[in-house]
Amino acid sequence: MKAEAMSLTFLGNEGLVRIPFFQRGYVWNIENWEDIISDLLDFKKSHFLGSLILKQLEKQTGKPKEVLVIDGQQRLTTLSILLRALYNSFDEETQNNCDSSIRNYLFFKKNQTDKNFFVKIEHSKIDKKYYQKVINNEIPQDEYDAIVVENPATKTTSKSNKVLQCFKYFSDKLKETSVENRLELFNRLLDQENKILVVIDLSEKEDEQAIFDTINSAGVRLSSADIIKNALFQKALDLFDSIEEVEALYKDHWENVFLMDEDAINFWDTPRATGRLMRDNIEILLHSISVIKGFFDPDKHTLSDLSSLYKSFILKISKVDLEAFIEEISKYAKLFREKILVFNSSSLFSYQDSSRLFHILSVCEISTFHPYILSLFYKYDKNESKLNEELHKIESLIIRRMITKSETKSYNKMCKEFIKDNSNIDIKISEHTKDEILNGLSSISNKNATLLLFWVELYRRANDSKQSVKELKYNYSLEHIMPQKWEEYWGDVDILDSNSNIIMDKEAAKRERYSKIYSIGNLTLLNSSLNTSLRNYEFSRKIEGEGRKRGIRHYADLGITRFDILDNYDNGDKVWNEQKINQRTTNLANDILAMW
């Protein structure tokens, strides 16, 4: 390859400068723009702004000379926008003097005898319309005023396209810059001796993807998804007979899925928690597909291997298989966006809908089974009853292992086994007996108890025709009915053994009581937390409250509190002890076993 230091005026020798349709969009931000303009306005030193890698395409009869931007689109886009903003900042006379320069470096004519000029840099699809409007100076004042420049320093967020943000940033910055400095900057940018770039020219036969991957170490690094997308469609360009075929494949199965509109772009760029990590939806999707296809082994590989594993998988793929694989990714993506749910504090849940599994996964911070779940959606896309049956099995497995405090490290191995043969999950579910589950419910964490009680409540509502409210938000507070610090106010309540006999030995009695406090039968959900000073009071004061301190009765909207506890209390049963806890634990356990 040929590398040469050049000024921005190299653009004058080019015709159409095309950014490949599958490259990522413009992503530079205010930090990059501040760096570049402050650097360029320092006229006392020379500047180097990085490299551009271009691939010269063979000239076709009747078409303009074309060059592909393999790397450097971020700085090339930025410099061209700065040039347009500088030109716009001049008075009319200066603009007339600079008109031929702007036309030469930012525009081209398909034929020298043509009247019409076209924007020289043809941007990738996601930014094309915005870039064209900037360079053609076609942004009305009201649209310009509506552009917001994102700035973390001032906590300013923005939904405006980054190309538009860049243009507004430079335009506003130049208003604060003297006329002399603006003129000097414009002249320096277009000075052939001001060699601020290294331009690397590749021939037709050189492997631009390999070079692109090698030099991708400066600026904003490509994400795994960007690298995978580039590899897929670069391979398509190598295998297909025409670029039009590849562009159609890209449009149908990538652009129309991942870049269809702002909502789609935001969805795939949105991070969600996967265990302790935050990962973009598109990366979670591509990781899931790689596990389903079998070339990513969770026991051997890490997420940093994802893009290289995709490239190895693609390397020897045939044209037919590549086209089928891209179509498969598209189908998985549509299923992922529609089916793999995410929640917020306002989400409503009901027992009958599909949200239950994903809510359980979210609360338990488990993402390991996403590939298996996605494979089920794909496999049983036309068989809803079978799909629901298989999804329910995942719930049962997770809940049973959660209650019995089983380790989660083996989930990666299970996921692989289930993808190969989903009947394997039945074996894993059967490993946990009813006695183990009852034992686990006798000592359960607050987080897990809250999850179980919430879904027991919804289960009971779904099966009670008298209940009109079937949907609830997950925003209830857990309360120990017999408090964790019970000795001061609960000392006169007899401590009973499993046969309802009073335990006379004081130490044995204490051990028995403490063992029951963390049983699910002693836990319930309230609309709001009780006042801290009320929590340790005896049973009657906890129920009724004291003065302005509201008790359990006031916050008992749920049946698991009203029917299980308050009804008995109102019918004269004013005692809460180990016997009541055991009975309620058994009742709740029966519901949990019926559900899972």
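The values are calculated or read from the model by the stated rules, or taken from the named source; none is laboratory data. Just so we're clear, the structure is a prediction, and the values are computed from it rather than from any experiment. Because the Cβ atoms are built from the backbone with ideal geometry, glycine has one as well, and the counts that use them run over all protein chains shown. To get the accessible areas, we keep the full protein, side chains included, count just its heavy atoms, and leave off ligands, DNA and RNA. Shrake-Rupley method; radii C 1.70, N 1.55, O 1.52, S 1.80 Å.
Numbers below:
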quantity: Solvent-accessible area, 1.4 Å probe, carbon plus sulfur percent, for the range 31-166; calculated: 44 percent
quantity: Of all DSSP beta bridges in the chain, antiparallel share, percent nearest 5; calculated: 70 percent
quantity: The range 457-507: trypsin sites (Lys or Arg not before Pro) in DSSP coil with no more than 12 other Cβ atoms inside 10 Å; calculated: K466, K485
quantity: Given charges at Cβ of Lys, Arg, Asp, Glu: the chain dipole, positive-most of L11, N568, F170; calculated: N568
quantity: Radius of gyration and maximum dimension Dmax of the range 219-371, Cα, Å; calculated: 16.6, 53
quantity: Å² of accessible area per residue within the range 1-59, as computed with a 1.4 Å probe and no ligands counted; calculated: 45 Å²
quantity: Accessible-area composition of the range 314-378, carbon plus sulfur, in percent [1.4 Å probe]; calculated: 49 percent
quantity: Mean-position separation - Cα centroids, the range 128-151 and the range 450-464, in angstrom; calculated: 52 Å
quantity: As computed over the range 239-286, the Cα convex hull volume per residue (Å³); calculated: 73 Å³
quantity: Restraint check, K155/K175; K44/K125; K542/K580; K173/K229, Cα-Cα greater than 28 Å; calculated: K44/K125; K173/K229
quantity: Contour excess over end-to-end distance, with Cα ends at N527 and E488 and 0.36 nm allotted per residue; calculated: 11.4 nm
quantity: Integer Hz, Karplus 6.51/-1.76/1.60 couplings in order for the range 188-195, x for Gly and Pro; calculated: 5, 4, 9, 8, 4, 8, 8, 8
quantity: Separation of the T302 and R562 label points, Cα + 7 Å toward Cβ, nm; calculated: 5.3 nm
quantity: Mean accessible surface per residue for the range 464-556, computed with a 1.4 Å probe while every protein chain stays in place, in Å²; calculated: 57 Å²
quantity: Peptides ranked, highest mean first, by Cβ atoms within 10 Å: ranges 134-140, 344-350; calculated: 134-140, 344-350
quantity: Sparse-neighbourhood loop sites, trypsin sites (Lys or Arg not before Pro) in the range 563-596 - DSSP loop, at most 12 other Cβ within 10 angstrom; calculated: K574
quantity: FRET efficiency, T433 to Q579 (Cβ-Cβ, R0 22 Å, nearest 0.05); calculated: 0.35
quantity: Where the range 246-386 is the region considered: accessible area per residue in Å², 1.4 Å probe; calculated: 48 Å²
quantity: At R0 = 45 Å, FRET efficiency that the Cβ-Cβ distance of I243 and D353 yields, to 0.05; calculated: 0.50
quantity: Fully extended contour minus Cα-Cα distance, from I317 to N475, at 0.36 nm per residue; calculated: 51.9 nm
quantity: Inter-label distance, nm, simple model (7 Å from Cα along the C-beta direction), E512/L341; calculated: 4.4 nm
quantity: Förster radius 56 Å - calculated FRET efficiency between K331 and S51, Cβ distance, rounded to 0.05; calculated: 0.90
quantity: The range 382-436: C-alpha gyration tensor shape, a/c 1.5 cut-off, then a/b vs b/c; calculated: oblate
quantity: The range 103-165: Cα Rg divided by the 2.2 N^0.38 Å rule of thumb; calculated: 1.41
quantity: Modelled label reach - Q95, point 7 Å along Cα→Cβ, the range 134-176 residues with backbone N closer than 17 Å; calculated: 134-145, 168, 171-172, 174-175
quantity: Accessible carbon and sulfur surface of the range 216-309 relative to its total accessible area, %, 1.4 Å; calculated: 48 percent
quantity: Spin-label pair F107/T156, simplified geometry with 7 Å Cα→Cβ offset, distance in nm; calculated: 3.1 nm
quantity: (1) 32.6, 109; (2) 27.5, 113; (3) 30.2, 95, with the label sought being that of the calculated Rg and Dmax of the Cα atoms in Å; calculated: (1)
quantity: Per DSSP, loop trypsin sites (Lys or Arg not before Pro) in the range 323-409 with at most 12 further Cβ within 10 Å; calculated: K382, K409
